[in-house]
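K.L.:
Handing you a structure now.
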Amino acid sequence: MGINLVKGQKIDLTKGRSSLSGVMVGLGWDPVVKEKKKSGFLGGLLGGGGSAAGAEIDCDASVILLDEKGKLLSKENLVYFGNKTSKDGSVVHSGDNRTGDGDGDDEVINVNLSAISPSVHKLVFVVNIYQAKQRKQDFGLIQNAFIRLVDSGSKEELIHYNLTESYAGKTSLFPGELYRHGSEWKFSAIGEGTADLDIGSIANKYL
């Protein structure tokens, strides 16, 4: 069982773990259970009825790889569903989960710590709602969000961070970040929400 973190807590991942060369980062969330609509059989059964607000909530996980000055030097260092591998090949996105239904990780990102370019000093993890404005959705419609890190070799869960705050009105979420500290890698539990609408606008802030 991994260490359960709280917001703002930092933990050294590699100290005392000489064999840790990579981590699997799992991100998960569940849609808030909505009452079925009373009007129309199909509308109630599918929970959508064709309305934007009733559409499935499609959360997308991304990683922004930054240099020591906190800058994104290349668009190839933005890893998301449209670019699943970082420039140096160290970060690989497993693909897009469009509903968040079911137990366990909804999206998985594999990080090969030993292969990360020396120019990369921080990995920022982001989750945003696809077409949040058009669908009139925000993280108030999401529950049980978490981020966890697992040793890629031993499959041991190292840390688990449940995001328990209310993020109503927020359309993007920063669960946590991996960063260099000398020769070691640390993880920081961030848990901040913003009103950014897409990963492109978020990434532009780091240029």
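K.L.:
Could you please find all residues in the stretch 150-164 being closer than 27 Å to Ser201 by Cβ and surrounded by 21 or more Cβ atoms within 10 Å (Cβ to Cβ)?
P.N.:
Tyr161, Leu163
K.L.:
A further question on this structure: Would you point out which residue out of Ser166, Ser201, Ser154 is farther than 19 Å from Glu56 by Cα, among the polar types (S, T, N, Q) and more than 17 Å from the chain's Cα centre (by Cα)?
P.N.:
Ser154
K.L.:
Right, another one. Given the residues Glu192, Glu165, which is the only one that is under 24 Å from Val23 (Cβ atoms) and of a type in the set (D, E, K, R)?
P.N.:
After ruling out the rest, the residue left standing is Glu192.
K.L.:
Might you let me know whether the stretch 165-172 holds any residue that is touching a strand residue (DSSP E or B) at 6+ places or on another chain (Cβ under 7 Å), part of a loop (DSSP other than H, G, I, E, B) and surrounded by fewer than 18 Cβ atoms within 10 Å (Cβ to Cβ)?
P.N.:
Yes: one or more hits.
K.L.:
Among the residues of the stretch 1-19, which ones are surrounded by 13 or more Cβ atoms within 10 Å (Cβ to Cβ), part of a loop (DSSP other than H, G, I, E, B) and among the β-branched types (Val, Ile, Thr)?
P.N.:
Thr14
K.L.:
Starting from the stretch 167-178, keep only residues that are without any contact (Cβ under 8 Å) to a residue 60 or more places away in the chain and within 13 Å of Leu197 (Cβ to Cβ), then list their pairs with residues that are of a type in the set (A, V, I, L, M, F, W, C) and in a strand (DSSP E or B) whose Cβ atoms are within a distance under 8 Å, requiring at least 6 positions of separation or different chains.
P.N.:
Thr171/Ile129; Ser172/Val126; Ser172/Val127; Ser172/Ile129; Leu173/Val126; Leu173/Val127; Leu173/Ala145; Leu173/Leu163
K.L.:
Which one is modelled with the lowest pLDDT among residues in the stretch 29-69 that are closer than 19 Å to Ser188 by Cβ and surrounded by 19 or more Cβ atoms within 10 Å (Cβ to Cβ)?
P.N.:
Across the stretch 29-69, the extreme among qualifying residues is Ala61.
The values are calculated or read from the model by the stated rules, or taken from the named source; none is laboratory data. Just so we're clear, the structure is a prediction, and the values are computed from it rather than from any experiment. When we count neighbours, we look across all protein chains shown, and the Cβ atoms used for this are built from the backbone with ideal geometry, even at glycine.
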